[in-house]
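Beneath this line is the structure, given in structure tokens, with notes to follow.
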Amino acid sequence: MKETMDSIAARADDCMGRGDWDGAERIFLAALTEAEETGDRRAALSLCSELMGFYRQRGDAEKFYSVLGRCTELLGEVRPGAAARGTILINAATALAVGEAQRALPLFREAESLYAVSLGADHPRLAALYNNMAAALDALHRPDEAERYMLRALENQKKRPGDLD
């Protein structure tokens, strides 16, 4: 790819900041098309992960599921590092947690184990992961487990006052 992921994300973020969600989508999709056409599966995987979050924010389930399918295929082909795989799984699980919490839990659990090994037990990304897991567990009417994960998120977050990821 000619453009870096950071540059693509910055351009899309700029569009979203101006309320131009369609423009942001065009940026992501153009970059994904280029990555797919040039055979850059790693870039395609990163873009699919970004698009999952984008479609979750927009509430566009149909497009989310389409990208989730492609992302799942690419995860089997590319084999990203543990932290990157964990982030991709969290993006998918967070979107699934709203209507398919049962399907989201195994993804959250895999991400948790990947993060624990690759990032360490106190890494800030775990606070967000635990928070999202708690929401999924709450949606499944499992309040005791949800509370445990919410408390883990809180304990992790307390180590960085003022840093709200």
Share of Cα-Cα pairs in segment 63-113 beyond 12 Å, whole percent, is 63
Karplus (6.51, -1.76, 1.60) ³J(HN,Hα), θ = phi - 60°, over segment 76-90, in Hz, Gly and Pro reported as x:
x, 8, 8, 6, x, x, 4, 5, 5, 4, x, 5, 5, 5, 5
Using the Cα centre as the reference, give the magnitude of the dipole from point charges on the C-beta atoms of the chain (Lys, Arg: +1; Asp, Glu: -1; all else neutral), rounded to the nearest 20 debye.
360
Taking N as its residue count, the alpha carbon Rg of segment 14-112 over 2.2 N^0.38 Å:
1.05
Rounded to the nearest whole Å², what accessible area per residue is found for the chain with the 1.4 Å probe?
54
Where no second cysteine Cβ lies under 4.7 Å, the cysteines concerned in the chain:
CYS15
Full-stretch length increase - GLU100, ALA10 - with 0.36 nm per residue and alpha-carbon distance subtracted
29.4 nm
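Share of the chain's accessible area from carbon and sulfur, percent, 1.4 Å?
That share works out to 51 percent.
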Cα-based equivalent ellipsoid of segment 78-150: semi-axis lengths in Å, sorted from largest, via gyration tensor:
20, 14, 8
Would you mind calculating the relative contact order of the chain from Cα pairs under 8 angstrom and at least 6 residues apart, reporting the percent as a whole number?
14
Interatomic Cα distance distribution for the chain, bins of 10 angstrom, percent:
11, 35, 36, 17, 2
Explain nothing, just compute: Karplus ³J(HN,Hα) = 6.51 cos²θ - 1.76 cosθ + 1.60, θ = phi - 60°, for every residue of segment 5-11 in order, whole Hz, x for Gly and Pro.
4, 4, 5, 4, 4, 5, 5
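The values are calculated or read from the model by the stated rules, or taken from the named source; none is laboratory data. On a predicted model such as this, the values are computed, not experimentally measured, just so you know. With ideal geometry, Cβ positions are generated from the backbone for all residues, glycine too; neighbour counts draw on all protein chains shown. Note: areas computed on protein heavy atoms with side chains; ligands, DNA, RNA excluded. Shrake-Rupley method; radii C 1.70, N 1.55, O 1.52, S 1.80 Å.
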